[in-house]
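Visitor: I have a structure here, written as structure tokens, and I will follow up with some questions on it.
The values are calculated or read from the model by the stated rules, or taken from the named source; none is laboratory data. All values derive from a computational prediction rather than experimental measurement. When we count neighbours, we look across all protein chains shown, and the Cβ atoms used for this are built from the backbone with ideal geometry, even at glycine.
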Amino acid sequence: MKTSYRMTKEEREKEYATIIRLKRKIEKALGEALGGEPFIYGQLALKDVMRDNCILNHGKTIEKVVFTPEQEALLRGEKVETNQNENVLASTFGEEKRWVNWEPGTKVPKTITGRNALPNDPATWSNYLEVKKVSDNVGIMFKPDQLLLGVDIDHCLENDVIVHEQKEIIEWFIKKANTYTEISPSNTGLHLFLSLTAPLSLIAKRHAPFEAYTSGRYFTVTNNPYGEARLVRTVDPEEAVALLVIIGYPWKK
């Protein structure tokens, strides 16, 4: 009799993290195949840089890879369905030492031992599973490498609907960013996340209702997606800045 096996949530998160790592590895290899230019999914058909499951660089095999159908879809730039219960941030960054707990009420970041976690001290951060064992109140730090951009939009939601006076700008920004976005713990704000191909140092970080960070800060993580639970999209710094311009960056002090 044939039996079926249902993966546990932890197993799904590990499998998803594996797919994301492979996606980044493919992205790097295909960038080399394009003469060092960053590869944007959808620029080339799979057949243009692949043959017999090999990534090619100027016609020479540089990597032998066996892809799952989902991985091939990612490579082609096609939309990949995600489980709405899947923790996208944990699946993408969970193994990295960049996670903290936070104190209800004050939102002060905490280490897994209960001390204050510091945004400039990676020694006070942990991985996702370590902080999750302590509390469901978890947050993600923006590391000194400046390779993750987070945008916080405060006091813009009511009953999951954008009601801010800059509603049209916020909706257009979310659409163009096309990345994982979640609702804040207060249920009135939004957090957007974008991975970066190179470090991005922001010359301005806030102008109500917007805040943007690539280092020296942390965001609470709720795993409560706003709309579709998209993957965290990877962009170059130039595209990231172009997206921020939509919401007024660089903001005047």
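Visitor: Look through segment 201-226, keep the residues that are in contact with a strand residue (DSSP E or B) (Cβ under 7 Å, 6 or more places away or on another chain) and of a type in the set (Gly, Ala, Ser), and return whichever of them is surrounded by the fewest Cβ atoms within 10 Å (Cβ to Cβ).
Guide: Gly216
Visitor: Another question, then. Among the residues of segment 203-233, how many are aliphatic (A, V, I, L, M) and at pLDDT 95 or above?
Guide: In the first step, residues of segment 203-233 are kept if they are aliphatic (A, V, I, L, M); the result is 203-204, 208, 212, 221, 229, 231-232.
Going one step further and asking which of them are at pLDDT 95 or above, we end up with 212, 221.
The total comes to 2.
Visitor: Let me ask another. Within segment 186-200, track down each residue that is surrounded by 16 or more Cβ atoms within 10 Å (Cβ to Cβ), farther than 13 Å from Glu158 by Cα and out of contact with any Asp or Glu (no Cβ under 6 Å at 6 or more places or on another chain).
Guide: The answer is Leu192, Phe193, Leu194, Ser195, Leu196, Leu200.
Visitor: Going residue by residue through segment 159-170, is there one that turns out to be touching a residue at least 60 places away in the same chain (Cβ under 8 Å) and crowded, with 20+ Cβ neighbours inside 10 Å?
Guide: Yes, there is a match, as at least one residue in segment 159-170 is touching a residue at least 60 places away in the same chain (Cβ under 8 Å) and crowded, with 20+ Cβ neighbours inside 10 Å.
Visitor: If you don't mind, there's one more thing I want to ask. Given the criteria within 13 Å of the chain's Cα centre (by Cα) and closer than 22 Å to Asn87 by Cα, does Glu228 qualify?
Guide: Answer is no for this residue.
Visitor: Among the residues of segment 118-163, which ones are farther than 18 Å from Phe93 by Cα, among the aliphatic types (A, V, I, L, M) and assigned to a loop (DSSP other than H, G, I, E, B)?
Guide: Leu118, Val163
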